[in-house]
Structure formats: C-alpha cells, structure tokens
Amino acid sequence: FDFCQAEGKKRPSENLGQVLFGERIEPSPYRFTFNKKETCKSVCTKTYDTTKPEDKQKLDFLKKSMLLNYQHHWIVDNMPVTWCYDVEDGQRFCNPGFPIGCYITEDGRPKDACVINSEFHEKDTFYIFNHVDIKIYYHVVENEALGARLVAAKLEPKSYKHTHPDNPDCSGVPMDISNKASGEVKIAYTYSVTFHEEKNIRWASRWDYILESMPHTHIQWFSIMNSLVIVLFLSGMVAMIMLRTLHKDIARYNQMDSTEDAQEEFGWKLVHGDIFRPPRKGMLLSVFLGSGTQILIMTFVTLFFACLGFLSPANRGALMTCAVVLWVLLGTPAGYVAARFYKSFGGEKWKTNVLLTSFLCPGIVFADFFIMNLILWGEGSSAAIPFGTLVAILALWFCISVPLTFIGAYFGFKKNAIEHPVRTNQIPRQIPEQSFYTKPLPGIIMGGILPFGCIFIQLFFILNSIWSHQMYYMFGFLFLVFIILVITCSEATILLCYFHLCAEDYHWQWRSFLTSGFTAVYFLIYAIHYFFSKLQITGTASTILYFGYTMIMVLIFFLFTG
C-alpha cells in the first residue's frame, strides 16, 4: 500500500510463531511524545496523477482495498489501537483494527464503515480515512519515580479534504475520491493525539476492554452443555453395554462345566481366535498411531499452558511457537508408540518403521506448507516466510525431532511385544454377511458425527480467529471441549467396535482408528462451508492458500482423533 513510510527505523524482530502466521510488524511514521498533545499534525501528502499509469495503478489498488474493507492494524506499546463504536442493544464493540476507507455504491447505499458519518453521501464514491484522532490512556504508578504506564489506546478514523496540506486545519468536507475521478488526486495524511489519565484500569488488566466487547460468551456455555449431554448419553450407553451385556456373558462363561455348553458360543466370543490377527497395512497404522500420540500430547500441553495464561493474545505468536517447539520435542513418544504397535503386529522391518514415523506425516505437512509459501512468495506477499526461517524449521525437524524419534523407537523395540491373552488360529475365520450398520463404511461415517457435534461451535470461533482477525482468548472453554472430544471419540469407537465384534467381524484395528478419525472429514466439509458462507475470498492464490492451510489442519486433526 502506498501510505506514509517511516524513515530510517529498524524493523522490530518477530518470534517463530509470528513468522509462521505471517504477522509482520513495521515501524510507523506517526511519532508521539508522552503527554504532549498534538492537533492536526501532518504526516505526509501523497499525490496521484491519474494520467500516469503507475499512479493510476496505486490509486486503483487503494480503491480495491476500500471496497474489500481492508483494515489497518496499529500497535502502541504492544497494545492494539482499537476503534470502539456502538452496536445494537447499547453495547460497544472495540475492533482491534480500523478500515482504510469505505465506499458508497452507485445507488447511494453506504457500505461497511460509511454508515458512521452522514456527510458520506456522494454516489459511487470512495471516502478514505486520512485523519485519525488518537486517545492514549495512561495510569500513573503510585511510586512516582516509575512514571506512567499506557493502559489503552483508542482512535476515531476521520476523513477530511485538507485545503492547505502544508498547514492542515482538520475541518470541512470529507476526502472523497470519485470512482470516475481523473486529473490529480491529493491525499494528505494527518493525526491528532491526546493523553488522558485513567485511574481505574490496572496495567495487568489492560486487555480486558477489548475482550469484554467480544460477544459470544453465552453461546459458549450453550455449546459446552450440548457437548456434555452427548458425552453423558455415550457414557451411559458404554456403561450399560459393559456392565449388563459383558457381565452377563462372562458370568455365563464361568458357569460352564460340561464341554457340550461350550460349543454353543455366540457373538464376540466366536472370534477370539482371530481378534489379534495383525491388520493389513500394519506398518502405516503404527506410523499413524505414533504421529497421533505426538499431536495428542502436544495439544494437551499447549492448551494446558494457554489455560494458565502463558499464551494470551498479548504474547504475540506465543501459541504457535509453543506448539511447534513441543511438537519437535515430542519425537520420543511418537517413535516409542509406533515401535511398540509395529512389534505387536509382528513386523520385522523396524528401520522402515522408524523412518516413516519421523518423515511421513511431518513430511506431508512440510511439503504442503512449502508449496503455500511458494505461492505467497510468487504473489510478493509479506506473509511469505523468509528462507532463513525455513532452514531453521528444517533444522529443528532433522536435528532434534528425528534423533528423538530414533531414541523412542529404540526403547519401543527393546521392550517385549505386547502379550496377547489368546492364541491366534492358523486359519482365518469366515466373516458372515454383515447388516447395514455393522459394515465398515456406514459404521465409520456414523462414528465421526458425535465427536464433531461436540466441537463445531468452537470451530467457528477458531476459524474466525485464524481468517477474520478476531481475538481468541477462551482457552478455558477450549480445554474443556478438548477433554470432551477425547472422551467422545473413545466412547463412540468402543460402542461401534462392540457392535461389529458381536456381528463376528474381527477387523477392528483400522476401523477403530478411522471411526473417530472420520471427524476430520466433517471438519473439512465445515471448512468448505465456512469458506463459501463467511469469507469473501476472491482470486486463485487466496483460495489455494485457504485450502492448503485447511488441509494441514485436517491432517493433524485426523491423526489426533484417530
């Protein structure tokens, strides 16, 4: 964008999480001195001559961004500068950004932010917010020597057509850019800043006013209740089956004295000689289980820290940094779990197993990420990750994660294989004709619905915070939902597993993984629905990016739920 640039200031450095999320912080030409009031101070003036092609291109870009409601995001002392305005039922909403400008349509309808001022009424015209009134609130520390601390920064975007850009007066008509304007367009950028003492806000709670104005806490309780009902219902079912049916079966088993009775077995007891037959593609299953364990522990620890308040929105990029570092360090459980299962499946190729555990799932994620980065780089986006960071991530993966996976696998293979309580028969049993709901596909499709029902309201807020720049701070709720999700996945799988074992189908290993793993497919469908209903994304590159990042999330979620 062609806004005023800051001269000769160094760019602040970002941490890993910010770089991965594409947050770049730039120095600003707006200069403040504490407690020094400025009124209508000029920053710079941009002149566009529409007869010159490069000037016209810059102006068109500016118009397009106003049409799409692009936002400025400014930071003062690590606090977002917010624009607070009244919404319905007397509430104030504080937006951590403010629009570049707004547009009045050809039939005189104001779009987005143009509703704030009745002076914006020219048809087919853009109004650019080229003046800001900034209010900075501070709180004087009791001990005078320490001085004061900033507790809030708010602004009001205004639009003025400055008649004398050299000594602006900040009054008069708004700065309009007609869509059909030709000739010279002059935009003078100015600002005013005032300082106000605010005794009631403590420095530690200075983010509260932004978070309080975010709606939706009551929906959260509703969603938690909804999830808890599902969990109670499932737990009841599982408990009933475990206690009544299994108890009855086992009691009947223990009473058998004569061998004639033992011939009349039924249901799940008929498959005892085949239940521990190694699954087809046991290598892949063990690798998925290893990576899934890694992601499960990573999510648990990250959310636990977030609940304690270490990863609040005030620590920019902390959440992503924490997740990546944990994921790298948790190579050992991944290698161990994959090795244990592979050995119990009777596998011999342990080297292949270790290599696949360390490279298959991380490799897919990295390849996807790399392709997304190439697209961003080709588009010249500031969110593209610099080459140095890519090398750093590869170094983390190859030099820390892979050796740790090898160590885990070494211990996993050294231990004895998991002992099976029954011998496996030589000849595989015939599987009888299955009814509709115990067939593999319908069972798997049904299994994903319940866990997805627990999380979809949270998903909406998480997708909003990733794609629509809303703050996400409800980690307590998220942790609760995470626990509920783990319980629901386990119980739904146990239930469906019991049903198809009763129908004498003993291929349970892959089915149990895919039953809850299918939740990820519902997540994908929801993400596609969100894309078409909530986001106004145009352009091929942006669409590819959205779906590229979504696929990474879906893969991680698949391994996690499975």
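The values are calculated or read from the model by the stated rules, or taken from the named source; none is laboratory data. From a predicted model like this one, the values you see are computed outputs, not experimental measurements. No Cβ is skipped: glycine too gets one built from the backbone with ideal geometry, and neighbour counts run over all protein chains shown. Ligands, DNA and RNA are excluded from the accessible area calculation, which covers all protein heavy atoms including side chains. Shrake-Rupley method; radii C 1.70, N 1.55, O 1.52, S 1.80 Å.
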Report the residue count in region 321-332 for those that are under 19 Å from the mean Cα position of the chain (by Cα) and either among the acidic types (Asp, Glu) or open to solvent by 60 Å² or more (accessible area, probe 1.4 Å) (or both). 1
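On the basis of being in contact with a Leu (Cβ under 8 Å, 6 or more places away or on another chain), at pLDDT 85 or above and either open to solvent by less than 40 Å² (accessible area, probe 1.4 Å) or in the same structural domain as residue 45 (by the TED database) (or both), does residue 201 make the cut? I'd like the intermediate steps shown before the answer.
Values: in contact with a Leu (Cβ under 8 Å, 6 or more places away or on another chain): no; at pLDDT 85 or above: yes; either open to solvent by less than 40 Å² (accessible area, probe 1.4 Å) or in the same structural domain as residue 45 (by the TED database) (or both): yes.
Considered against the rule, which asks whether it is in contact with a Leu (Cβ under 8 Å, 6 or more places away or on another chain), at pLDDT 85 or above and either open to solvent by less than 40 Å² (accessible area, probe 1.4 Å) or in the same structural domain as residue 45 (by the TED database) (or both), residue 201 comes out as no.
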Condition (residue is of a type outside the set (S, T, N, Q) and either under 25 Å from residue 467 (Cβ atoms) or not assigned by the TED database to the domain that holds residue 153 (or both)) applied to region 39-59: is it met by at least one residue? no
Could you go through region 52-65 and let me know if any residue there is under 30 Å from residue 205 (Cα atoms) and either polar (S, T, N, Q) or surrounded by 14 or more Cβ atoms within 10 Å (Cβ to Cβ) (or both). no
Contact list, first residue from region 232-255 and within 19 Å of residue 269 (Cβ to Cβ), second anywhere and small (Gly, Ala, Ser), beta-carbon distance below 8 Å, six or more apart or interchain, is 249/267
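Sort through 536, 458 and tell me the only one that's out of contact with any Phe, Trp or Tyr (no Cβ under 6 Å at 6 or more places or on another chain) and not in a helix (DSSP H, G or I).
On the way: 458 fails: not in a helix (DSSP H, G or I).
Answer to the check: 536.
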Identify, please: which residue in region 522-562 is among the polar types (S, T, N, Q) and modelled with pLDDT under 95 and is, among those, nearest to residue 492 (Cα to Cα)? 533
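Tell me the residue from 335, 380, 363, 347 that is open to solvent by less than 70 Å² (accessible area, probe 1.4 Å), closer than 20 Å to residue 293 by Cβ and assigned to a loop (DSSP other than H, G, I, E, B), please. Break it down into steps so the answer makes sense when it comes.
On the way: 335 fails: assigned to a loop (DSSP other than H, G, I, E, B); 380 fails: closer than 20 Å to residue 293 by Cβ; 363 fails: assigned to a loop (DSSP other than H, G, I, E, B).
Only one candidate qualifies: 347.
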Members of region 271-305 that are open to solvent by 50 Å² or more (accessible area, probe 1.4 Å) and not charged (D, E, K, R): 272, 276, 278, 284, 296, 297, 300, 304, 305
From the list 394, 374, exactly one residue is open to solvent by less than 60 Å² (accessible area, probe 1.4 Å), of a type in the set (A, V, I, L, M, F, W, C) and in a helix (DSSP H, G or I). Which is it? 394
Count - residues of region 57-70 that are within 27 Å of residue 164 (Cα to Cα) and either part of a loop (DSSP other than H, G, I, E, B) or touching a residue at least 40 places away in the same chain (Cβ under 8 Å) (or both): 7
Determine if region 468-486 includes at least one residue that is hydroxyl-bearing (Ser, Thr, Tyr), open to solvent by 30 Å² or more (accessible area, probe 1.4 Å), under 25 Å from the mean Cα position of the chain (by Cα) and modelled with pLDDT of 85 or more. no
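For the subset of region 225-252 comprising residues that are among the charged types (D, E, K, R) and open to solvent by 40 Å² or more (accessible area, probe 1.4 Å), which member is nearest to residue 479 (Cα to Cα)?
From region 225-252, those among the charged types (D, E, K, R) are 244, 248-249, 252; that's our starting set.
From what is left, the residues that are open to solvent by 40 Å² or more (accessible area, probe 1.4 Å) are 244, 248, 252.
Values: 244: 33, 248: 38, 252: 43 Å.
Ranking the qualifying residues of region 225-252, first place goes to 244.
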What's the total number of residues in region 419-465 that are open to solvent by less than 50 Å² (accessible area, probe 1.4 Å), within 14 Å of residue 488 (Cβ to Cβ) and among the aromatic types (Phe, Trp, Tyr)? 1
Output the residue which, of all residues in region 96-118 that are farther than 25 Å from residue 195 by Cα and of a type in the set (Gly, Ala, Ser), is modelled with the highest pLDDT. 101
Count of residues meeting criterion [closer than 14 Å to residue 504 by Cα and in contact (Cβ under 8 Å) with a residue 24 or more places away in the chain] in region 415-453: 9
Which of the strands (runs of 3 or more DSSP E) contained wholly in region 119-182 include at least 1 residues that are at pLDDT below 90 and open to solvent by less than 60 Å² (accessible area, probe 1.4 Å)? 131-140, 148-158, 176-178
Output for region 1-17, where each listed residue is open to solvent by 80 Å² or more (accessible area, probe 1.4 Å) and charged (D, E, K, R): 7, 9, 10, 11
Given the structure, is residue 76 at pLDDT 90 or above, open to solvent by less than 10 Å² (accessible area, probe 1.4 Å), in the same structural domain as residue 191 (by the TED database) and in contact with a strand residue (DSSP E or B) (Cβ under 8 Å, 6 or more places away or on another chain)? no
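Out of all the residues in region 183-194, which are open to solvent by less than 40 Å² (accessible area, probe 1.4 Å) and part of a strand (DSSP E or B)? It would help to see each step written out before you state the result.
Taking region 183-194 first, the residues open to solvent by less than 40 Å² (accessible area, probe 1.4 Å) are 183, 185, 187-194.
Hits for region 183-194 are 185, 187, 188, 189, 190, 191, 192, 193, 194.
Just checking, which of 507, 529 is farther than 24 Å from residue 285 by Cβ, open to solvent by 30 Å² or more (accessible area, probe 1.4 Å) and not assigned by the TED database to the domain that holds residue 302? Reasoning before the result, please.
Values: 507 fails: farther than 24 Å from residue 285 by Cβ.
Within the list 507, 529, the selection yields 529.
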Residue 472 fails exactly one of the following numbered conditions: (1) farther than 21 Å from residue 287 by Cα; (2) among the hydroxyl-bearing types (Ser, Thr, Tyr); (3) assigned to a helix (DSSP H, G or I). What is the number of that condition? (3)
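Yes/no per residue for (1) at pLDDT 75 or above; (2) among the aliphatic types (A, V, I, L, M); (3) over 27 Å from residue 456 (Cβ atoms):
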residue	(1), (2), (3)
226	yes, no, no
231	yes, yes, no
249	no, no, yes
256	no, yes, yes
Count of residues meeting criterion [part of a strand (DSSP E or B), in contact with an Asp or Glu (Cβ under 9 Å, 6 or more places away or on another chain) and among the hydrophobic types (A, V, I, L, M, F, W, C)] in region 12-56: 1
Restricting region 18-41 to residues that are open to solvent by 50 Å² or more (accessible area, probe 1.4 Å) and under 22 Å from residue 1 (Cα atoms), which is modelled with the highest pLDDT? 41
List every residue pair whose Cβ atoms sit under 6 Å apart, with the two residues 6 or more apart in sequence or on different chains, where the first one lies in region 340-360 and is at negative phi and the second, anywhere, is assigned to a helix (DSSP H, G or I) and of a type in the set (S, T, N, Q). 341/286; 342/286; 342/353; 357/405; 358/405
